[in-house]
1. How do 141-152, 222-233 rank on mean C-beta neighbours within 10 Å, highest first?
2. Helix 254-272 versus the longest principal axis of the chain: what angle, 0 to 90°, nearest 10, using Cα atoms?
3. How tilted is helix 312-324 with respect to the longest principal axis of the chain? Cα atoms for both, answer in degrees (0 to 90, nearest 10).
4. Mind ranking 58-71, 330-343, 126-139, 301-314 by how tightly packed they are, going by the mean number of other C-beta atoms within 10 angstrom, highest first?
5. Which of 327, 173 comes first, and how do the rest follow, when ranked by fewest Cβ neighbours within 10 Å?
6. Multiply the residue separation of residue 206 and residue 233 by 0.36 nm, subtract the distance between their alpha-carbon atoms, and state the gained length in nm to one decimal.
7. Calculate how steeply helix 98-107 sits against the longest principal axis of the alpha-carbon atoms of the chain, using the helix alpha-carbon long axis, and give the answer as 0 to 90 degrees to the nearest 10.
8. What's the center-to-center distance, using Cα atoms, between region 267-283 and region 45-80 in Å?
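Just so you know, all these numbers are worked out from the coordinates, no wet-lab data involved. Not measured: the values here are computed from a predicted model. Neighbour counts are summed over all protein chains in view; Cβ atoms, including those assigned to glycine, are modelled from backbone coordinates with ideal geometry.
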Ligand code: SF4
Ligand code: SF4
């Protein structure tokens, strides 16, 4: 038995997106959350953080605000004071400081009017408003740097869009919490041991990656017409990986990705440990990369369903297991990889979509440090 679950088999509640004429997906989500026990949490008079990702400007795969409203409404009905939150990014884009981040959230539809609660950026104007949070049992991180506003909340809820990810294989609940709640310093802390590597034979010198790096980690070699990495400046954020259309950028050692995975699990534990927490994951629009990119490619599998649990690890495990049962959709990044001359089948659709990634270390380490359980009971809500 671990600290965050009642038994070795955590319950994960699931329902599909199929709807009858008299009940839309938002009401179905509410029914799922009720069955999963969200309204059993004591939220009366308490600040309740709902952690989500508002989507980079241009991206359209992020979760619709309507789902956030459903969660906020349930929190308010239980007497809580909800707010939607996310922390600033480590890279350029539309969410790198609180002002731009808020404009982005509003433009993507997350306004108090639409979601029924305030939107607060978790780590302040410039991503520096964080507090050190101890990680019980942490092996890589002793103190996580978490956005202060998020840690000030009495109750923590994550609302996650489950999809592929160019560094961590899939972007699920642990990614949403661990990386997403880290301040800029916290994000650097998780990425610090991985440095990007560019294959000069694959690089076409298009410079697309250069626009994505906020850390002077890339230097263009005009003589050879290839991009190179300045390892002294690269913090391993992975932003450039998703920007390269030619698979020229990867990470030097498998260990870099594995360590990132472990640190992310430890950051997640820092966020949820010692306070009521609950987790929701919607497996729809499963794009090959995360919602941090303006461009979102078409989904690699059909929409799967909505999942909820008190156990963030069991939730990620259940979501990935459900995805692996799906048949890949044609004409996607996944099938492009499968049709390419260099394809090496790893028998896993996330590994095959982003061949330089792996996610199992994250799940295994999360279990090792007592974040939750990979063994779960799936309870289907009709
Ligand atoms: S995006 Fe890829 S191909 Fe273009 S310069 Fe960067 S590494 Fe080279
Ligand atoms: S991984 Fe390194 S080079 Fe690539 S965007 Fe991040 S800091 Fe820049």
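1. Working: 141-152: 21.0, 222-233: 13.7.
Packing proxy ranking, top to bottom: 141-152, 222-233.
2. Once rounded, the angle reads 20 degrees.
3. With both axes taken from Cα atoms, the answer is about 60 degrees.
4. Values: 58-71: 20.5, 330-343: 13.5, 126-139: 16.9, 301-314: 25.2.
Highest-to-lowest ranking by the protection proxy: 301-314, 58-71, 126-139, 330-343.
5. Fewest-to-most Cβ neighbours within 10 Å comes out as 327, 173.
6. Values: separation 27, 0.36 × 27 = 9.72 nm, distance 2.08 nm.
So the chain would gain 7.6 nm between residue 206 and residue 233.
7. 70 degrees
8. Rounded to whole Å, the Cα centres lie 14 Å apart.
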